[in-house]
Amino acid sequence: MDERARQALDLPPLPDNDNEGITPVGPYERFIGWAAGLPWWAIILGIVVVVVGYSMLTSEAYRRVIRQLTDNPQVSTDDLFFAVLLVGDKETTTGMLARADSVETVIQQLIEEVDPAEADDFGILVSETQTEITLRTDDGRTITIPKRDIVDEKRTETPDAIQVEVTYFVDTEIVTGTVTDRAGDTLTIRTVDEVSETFAVSRVLSRDEQGELVTIQREGEIITGTLDTLNNTSIKIRVPGADELREIRRNEIVELNLPTLTLAVHDPGQERPVNPGEEVRVAYINGADLTNVLKELNRLDTVDVPLFSVPGEAQVALVGYDSLDDALEATSQGEVDALLYLDDGPERLAVDEWVTAHPDANMSVVLLRECETGCQVMLKLEDDAITGRIAAEDAEAITVVTTEAVTIEVDKDRILEERRMEPGTCALNNLRGCNAGIFLTLTVTFRAYALALIIGLMFGILRVQTNPVLYAVSTLYVEVIRGIPLLVILLYAGFVISPELRDGLMIFDLQWLGDSMPDVVIRLPKINLNDEWEAVLGLSFGYGAFIAEIFRAGIQSIGRGQMEAARSLGMSYPQAMRHVVLPQAIRVVLPPLGNDFIAMLKDSALISVLALPDLLQLGRLYVSRTFRALEGYNTVAVLYLVMTIFLSMMVRIIERRARLPQ
Amino acid sequence: MSEKEPIIQINNVHKRFHTLRGTVHALRGVSLDIMPGEVVVVVGPSGSGKSTLLRSINRLETIDGGSITVDGIPLKGARNINKIRAEVGMVFQQFNLFPDRSALGNIMLAQRVVRRRRKGEAEAKAQELLAKVGIPEKADTYPGQLSGGQQQRVAIARALAMDPKIMLFDEPTSALDPEMIKEVLDVMLALAKDGMTMVVVTHEMGFARAAADRAVFMDEGQIVEIDKPDVIFSSPSHERTQRFLDKIL
């Protein structure tokens with residue numbers, strides 16, 4: 001190794017062969033030397049053991065600290081994950097599939113976009129879309145079957161129709177809850193979590209003889225919040241200001257008004273054919289907040305309708321009316337094809353009632369649907385005396401389990417679709433839940449660093465090229481990125497690049513050049529980056545510039561003679577780069593690369609500005625909830641410190657192994 | 001190629017170096033033909049352009065005027081320059097061994113990458129060449145653990161591994177301690193006896209007398225004198241050659 005490389009490697013002066021003048025080494029140096037002498041597999045095994053053990057230990061320790069400080073018994077490792085299951089029984093049906101489309105096709109599509117689960121009761125239409133198939137059966141019934149429910153399908157083509165026989169799941173039921181056991185043929189799901197409440201001792205009405213059960217007077221509470229999930233036994237609400245979801249049993253609720261959407265259609269116009277570009281007019285009441293309901297449609301005024309027989313798009317035009325009466329009148333007269341009505345008050349069933357009361361108005365209700373998630377709801381609990389198990393008690397307060405957990409069992413082969421909602425708590429038996437805190441910090445750092453190495457190596461090689469274009473491009477990248485704070489780059493990735501990629505559009509407003517200048521619109525491939533990848537991209541592009549400079553310096557530190565020797569042996573430039581220069585350059589740049597890795601681990605704390613739950617963000621949340629800043633930030637700092645110390649040890653070991661014999 | 005045809009044809013070659021201080025005219029119309037099997041020694045004061053001439057032969061330096069033809073292929077604009085380079089072995093003053101590879105690895109690398117030889121084949125060849133240069137026991141030693149003379153012998157073996165038709169030596173002994181010079185020169189002498197075409201930039205008069213067919217004296221980018229080494233070193237016809245020889249002998 002030449003002198004320059006040895007200096008760059010920051011190695012101590014080389015001992016002479018007779019071992020004179022060796023500086024005494026401490027136990028740390030000896031340990032590094034011992035570890036560097038182990039075979040590769042032992043080192044990798046050691047790293048895995050340390051990382052897994054550390055992660056588990058720290059997440060457990062972290063949770064214990066929080067539990068000690070917050071006294072929150074909700075955090076436990078048996079919350080494996082939260083799942084939504086669609087359960088159904090199979091049925092076989094036979095029918096004809098004709099090639100047709102009409103006003104109904106479009107309305108059907110609208111309904112199904114809003115509410116795929118309840119579509120099958122209403123269609124008379126016979127068609128096929130990308131997501132489902134509608135059949136008219138031999139006995140005159142027409143049914144729509146979502147394609148994902150279909151188990152088996154047989155088709156026979158005739159000139160004007162297709163005979164179809166399908167087996168599919170019917171009567172699907174949605175089960176939401178936390179999976180607690182998946183052994184055997186059944187799945188155990190806790191649909192209602194245990195809830196404990198704390199009351200003043202003075203409220204206790206009576207106790208049973210064993211002293212286990214207690215009856216307490218409780219006031220009926222009025223709760224307002226955002227509906228999160230809804231099932232037959234309970235509802236979950238996100239109450240503003242609270243971190244966790246509030247779960248309430250339905251039988252404790254006295255009053256609950258859920259926003260309800262009604263869609264009524266004008267019967268005679270249903271079979272009217274619609275061609276691409278034409279409209280289906282749908283009435284609504286001015287001022288009604290249909291936006292939330294139609295959010296799943298993404299567009300308020302245009303719905304893409306992939307029709308089976310007419311390629312292209314038909315549109316849904318929304319027509320506003322001032323009052324419900326006007327809208328009903330217009331629909332029954334056929335001025336519009338359908339009527340959408342949304343209300344969360346006592347009037348929410350008005351359209352349904354009106355249609356039932358006016359059988360001669362030529363209208364029928366095709367969709368009556370309560371909000372299932374995402375809407376604002378208000379509910380009132382009953383005033384009650386509740387009886388519950390005593391969880392804890394002291395002189396002033398008593399904690400009672402007011403809601404016992406409810407679990408149900410589901411046969412695995414009846415499960416149609418399993419959607420994991422949130423991964424639950426991180427634990428050895430639920431690694432999917434390990435997606436926050438240290439785990440997020442580490443995964444983001446590792447991914448970003450791997451990407452930064454690729455970017456850095458690429459631009460580092462470009463930086464030593466004689467081609468002026470390549471040199472200019474790489475220098476521009478390095479100088480621009482190095483001149484911008486990493487925080488700003490992260491904000492760019494999260495709030496500029498990512499939304500533009502999501503829309504697939506980049507729009508530049510050129511009005512400042514003159515009023516008649518049109519906007520410049522650049523179409524990009526549509527890519528949906530999640531927050532984690534925004535952070536990875538931001539970090540890797542930010543660090544790529546520094547790593548490119550490290551690689552450039554490393555390549556330039558290898559004497560010209562090496563390249564000449566390689567070329568004189570007949571190697572091409574890329575061959576010489578790959579086989580001769582880069583292997584030596586990488587030895588030289590290992591220490592600075594290791595330093596950059598540790599720096600990146602620390603800088604990954606910046607990703608909390610993208611609202612990612614990394615280590616720092618969790619610490620901050622904890623501090624803002626408990627106001628225990630010392631404990632919170634101490635925990636965060638120590639966890640970072642342990643990680644960086646371990647990593648710098650790894651860097652030393654790798655450096656030592658990369659050393660050449662002298 | 002017939003015996004009469006020169007293997008290297010250097011014809012009126014010019015080379016200028018552009019530096020911040022101005023242009024240096026390093027080669028000023030150099031012409032030289034070298035026959036197959038011939039050993040040519042190039043001597044001259046430093047800055048006379050002898051190294052530049054040598055490096056031009058495998059296009060480590062590109063020339064500004066004139067032409068160089070190696071083994072019948074003109075270098076200018078040659079697409080297969082890597083093929084030519086593989087046919088022309090070069091030994092450097094500073095050895096330029098790859099420090100991260102063992103002696104064996106140094107000799108095997110280009111065989112594997114350029115000649116696409118199988119590993120066993122390349123290894124056998126490398127062992128054979130290490131034996132030829134007299135250090136078969138150093139196969140697994142890294143350059144940092146070898147003496148200068150040993151390193152230079154590995155470098156020669158590395159160049160020979162490509163089965164070159166021509167070997168270029170750029171002051172191969174100048175960076176060596178005196179007691180190591182002989183071991184390198186012995187290897188070169190043996191090579192010359194085997195009939196290798198060699199162009200050697202050196203100040204080793206002993207080697208030149210023993211092995212060289214012709215000696216070339218260069219000064220200020222021009223060839224001053226070409227003759228048999230005995231003639232050049234004992235009775236040079238040019239006064240400039242005489243002055244140079246007076247200084248070094």
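The values are calculated or read from the model by the stated rules, or taken from the named source; none is laboratory data. As the structure is a prediction and not an experimental result, all values here were calculated from the model. Cβ sites come from the backbone with ideal geometry, for glycine too, and all protein chains shown count toward neighbours. Side chains are part of the model used for accessible areas, which takes the heavy atoms of the whole protein and leaves out ligands, DNA and RNA. Shrake-Rupley method; radii C 1.70, N 1.55, O 1.52, S 1.80 Å.
Which residues, if any, in segment A:571-591 lose at least 30 square angstrom of accessible heavy-atom surface (probe 1.4 Å) when the other protein chains sit next to their chain rather than the chain being alone? Correct list: A:MET571, A:GLN575, A:HIS579, A:GLN584. Mean residue ellipticity, 222 nm, helices only, chain B: the sum of -39500 (n - 2.57) across DSSP H runs of n ≥ 4, divided by residue count and rounded to 500, is -11000 deg cm²/dmol. Going by alpha carbons, how many degrees (0 to 90, nearest 10) lie between the helix axis of B:178-193 and the longest principal axis of chain B? Between the helix axis and the principal axis of chain B, the angle is about 90 degrees. The accessible area of A:LEU256, taken with all protein chains in place and a 1.4 Å probe, comes to roughly 40 Å². The calculated pair-distance distribution of segment B:31-101 uses every alpha carbon pair, bins of 5 angstrom beginning at 0, and gives 3, 12, 23, 25, 19, 12, 5, 1 percent. Based on Cα atoms of segment B:8-144, Rg over Rh with Rh as the Kirkwood radius reads 1.03.
Placing a label point 7 Å from the Cα of B:ILE81 along the Cα-to-Cβ line, the residues of segment B:28-61 whose backbone N sits under 17 Å from it are B:52-61. For segment A:541-626, the relative contact order is 27 percent, taking Cα pairs closer than 8 Å that sit 6 or more residues apart in sequence and dividing their mean separation by the residue count. Computing FRET efficiency as 1/(1 + (r/R0)^6) for A:ARG656 and B:HIS238, where r is the C-beta to C-beta distance and R0 is 56 Å, gives about 0.40. For the residue pairs A:LYS236/A:LYS602; B:LYS165/B:LYS228; B:LYS50/B:LYS247, the C-alpha atoms sit more than 26 angstrom apart in A:LYS236/A:LYS602.
Within segment A:174-226, the GluC sites (Glu not before Pro) that combine a DSSP coil assignment with at most 15 other C-beta atoms in a 10 angstrom radius are A:GLU209, A:GLU212, A:GLU219, A:GLU221. Across segment A:319-379, the convex hull enclosing all Cα atoms gives 107 Å³ per residue. Shown here are the Rg and Dmax of the Cα trace of segment B:62-140, at 15.5, 47 Å. Among B:SER174, B:SER56, B:SER46, the residue with the largest mean-square fluctuation in a Gaussian network model of chain B, with springs joining Cα atoms closer than 10 Å, is B:SER46. Semi-axis lengths, largest first, of the ellipsoid equivalent to segment A:595-662 are 33, 13, 6 Å, with √(5λ) applied to each eigenvalue of the Cα gyration tensor. Charge tally around A:LEU529: other residues with Cβ under 15 Å, Lys/Arg +1 each, Asp/Glu -1 each, net -2.
Could you tell me the center-to-center distance, by alpha carbons, between segment B:30-105 and segment B:152-225 in angstrom? Going from one Cα centre to the other spans 13 Å.
The 1.4 Å probe gives accessible areas that order B:LYS119, B:LYS15, largest first, as B:LYS119, B:LYS15. The Stokes-Einstein estimate for segment A:505-612, based on a Kirkwood radius over Cα pairs and taken at 4 °C with 1.567 mPa s viscosity, is a diffusion coefficient of 72 µm²/s. Counting Lys and Arg as +1 and Asp and Glu as -1 over every other residue whose Cβ lies under 14 Å from the Cβ of B:VAL13, the net charge comes to +4. Here A:THR644 sits with roughly 20 square angstrom of accessible surface, probe radius 1.4 Å.
Stokes-Einstein, applied to the Kirkwood radius of segment A:471-542 over Cα pairs at a viscosity of 0.692 mPa s and 37 °C, places its translational diffusion at 237 µm² s⁻¹.
Among the protein heavy atoms of segment A:465-537, carbon and sulfur supply 66% of the accessible surface, probe 1.4 Å, non-protein parts ignored. The trypsin sites (Lys or Arg not before Pro) of segment A:522-575 that DSSP puts in a loop, and whose beta carbon has at most 13 other beta carbons within 10 Å, are A:LYS526. Of the accessible area of segment B:130-249, computed with a 1.4 Å probe over protein heavy atoms only, carbon and sulfur atoms account for 47 percent. Over segment A:444-599, accessible surface divided per residue gives 49 Å², non-protein components excluded, 1.4 Å probe. Inter-label distance, A:SER364 to A:ASN286: 3.3 nm, where each label sits 7 Å from its Cα along the C-beta direction. Counting Cα-Cα pairs of chain B in 5 Å increments starting at 0 gives whole-percent bin shares of 1, 6, 13, 17, 19, 17, 13, 9, 4, 1, 0, 0. Nonpolar atom fraction for segment B:28-84, defined as the carbon and sulfur part of the 1.4 Å probe accessible area, stands at 47 percent. Could you run the numbers on buried accessible area between A and B, total for both chains, 1.4 angstrom probe, in Å² to the nearest 100? About 2100 Å² of accessible surface is lost on pairing.
Across chain B, Cα pairs under 8 Å and at least six residues apart give a relative contact order of 26 percent. Taking every DSSP beta bridge that has both ends in chain B, the antiparallel portion is near 55%. Summing charges over neighbours of A:GLY46, with a neighbour being any other residue whose Cβ is under 15 Å away from its Cβ, gives +3 when K and R count +1 and D and E count -1.
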